[in-house]
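Rule-based calculations on the coordinates, nothing more; no lab input. All values reported here derive from a predicted model rather than from experimental measurement. Neighbour counts run over all protein chains shown; Cβ positions are idealised from the backbone, glycine included.
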Amino acid sequence: MSWFVLVLSGVLEAAWATALGKSEGFSRLGPSVVFFSALAASMAGLAYAMRGLPVGTAYAVWVGIGAVLTVVYAMATGGEPLSVVKVLFLLMIVAGVVGLKLSH
């Protein structure tokens, strides 16, 4: 269960990071509400997952999932240019996250 919650929390990290950018310094209500809601849920999930997983592993997986999904979303919506090099490095992050799971 800890791994499932951790992955979901990583997805929520990408949601709050994206919403933070769209909030324009918290001047837009909708993205600001999404930011604070997703941030609270993501942190709560991370805290729950850390009860059953080592702190370093849980944090690295959480950050990795959030970072990859944030960049993929930005590339998919045209907010960030797509390049082969970026995709290669994102795949390296995903490989690292999978490696942490397999080594646990």
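Worth a mention:
- Sites listed here are trypsin sites (Lys or Arg not before Pro) in the range 1-88 whose DSSP assignment is loop and whose Cβ has at most 10 other Cβ atoms within 10 Å: 51.
- The residue list 12, 100, 71 was ranked by how far each Cα lies along the charge dipole of the range 2-103 toward its positive end, using unit charges on Cβ atoms, and 100 comes out on top.
- Every helix of 4 or more DSSP H residues in the chain counts as -39500 (n - 2.57), and over all residues that averages to -28000 deg cm²/dmol at 222 nm.
- Each principal axis of the Cα cloud of the chain was evaluated for its coordinate range; sorted largest first, these ranges are 41, 34, 17 Å.
- Extension gain (nm, one decimal) between residue 101 and residue 36, 0.36 nm per residue minus Cα-Cα: 20.6 nm
- Loop-located chymotrypsin sites (Phe, Trp or Tyr not before Pro) in the range 17-103 (DSSP state not H, G, I, E or B) with no more than 13 neighbouring Cβ atoms inside 10 Å: 26.
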